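Structure, as structure tokens:
Please treat every number below as a calculation from the coordinates, not as lab data. Keep in mind that what you see is a predicted model, and the values were worked out from it rather than measured. Cβ sites come from the backbone with ideal geometry, for glycine too, and all protein chains shown count toward neighbours.
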């Protein structure tokens with residue numbers, strides 16, 4: 001985390017205070033991975049962190065406020081997913097590599113942040129604009145880059161002009177997010193992770209280029 005860390009009342013937290021705040025966030029993240037969001041209480045987070053509810057309230061107004069802080073940090077990392085697309089080639093074997101790396105990046109990001117992403121999705125689905133904006137920041141960065149990729153291919157005559165770059169990019173990103181959030185569920189259908197990756201990458205490649213990949 002960069003920049004000054006402040007308490008709820010506006011004071012700048014010292015090194016020890018920053019460490020305590022981070023420990024509270026780490027404990028909350030751990031609890032979200034095993035408990036429903038609505039069941040997590042301030043007293044339980046504080047106890048797990050070895051401190052008191054009063055200390056928790058020095059840094060966060062409530063559990064939701066702390067969750068939003070975790071989500072904001074996650075969104076900053078998620079914005080980096082655009083690096084998997086921006087400036088990358090979609091031609092020949094390089095295009096297949098781009099598809100694979102984008103899929104790997106999405107699946108890995110969702111696995112590492114599964115607990116907080118579930119909370120973000122829940123908040124967004126319930127109409128909470130704060131969670132909705134965080135979700136869209138993560139997805140928009142990749143959507144915009146894929147949109148540019150389709151436009152570039154169209155300009156070179158490699159993709160049909162009737163394709164809407166934004167619609168195609170948005171559809172693919174929505175698919176990636178949905179599949180990434182449902183990775184555990186695929187096992188109930190008898191789908192192995194090793195099978196999921198190449199098939200998803202092929203759908204991405206077909207969507208962007210309109211062609212079967214050169215492997």
Relative contact order as a percentage, the chain, C-alpha pairs under 8 Å and 6+ apart, gives 21 percent
Neighbour-count ranking for 28, 122, 117 (other C-beta within 10 angstrom, fewest to most) reads 122, 117, 28
Most fluctuating of 180, 19, 75 in the GNM of the chain (C-alpha, under 10 Å) is 19
Cα-Cα pairs in the range 17-72 separated by more than 19 Å, as a whole percent of all pairs, come to 12 percent
Residue 108 and residue 203 label points (each 7 Å along its Cα→Cβ direction) are spaced in nm at 2.1 nm
Taking 0.36 nm per residue of separation between residue 194 and residue 211 and subtracting their Cα-Cα distance, the length gained on full extension comes to 3.9 nm
Simple spin-label estimate for residue 129/residue 34, 7 Å along Cα→Cβ, in nm, reads 3.8 nm
Counted neighbours (other Cβ, 10 Å), sorted fewest up, put 42, 91, 85 in the order 91, 42, 85
The Cα radius of gyration of the range 147-215, divided by 2.2 N^0.38 Å with N its residue count, comes to 1.26
Expected sort for 130, 15, 112 with the fewest Cβ neighbours (10 Å cutoff) up front is 15, 112, 130
Subtracting the Cα-Cα distance of residue 156 and residue 72 from 0.36 nm times their residue separation yields 26.4 nm
For the range 107-160 the translational diffusion coefficient, Stokes-Einstein from a Kirkwood Rh over Cα pairs at 37 °C and viscosity 0.692 mPa s, in µm²/s, is roughly 254 µm²/s
Semi-axes (Å, rounded, descending) of the ellipsoid equivalent to the chain per its C-alpha gyration tensor are 39, 19, 14
Note: residue 175 to residue 41 extended length (0.36 nm per residue) minus current alpha-carbon separation gives 44.9 nm
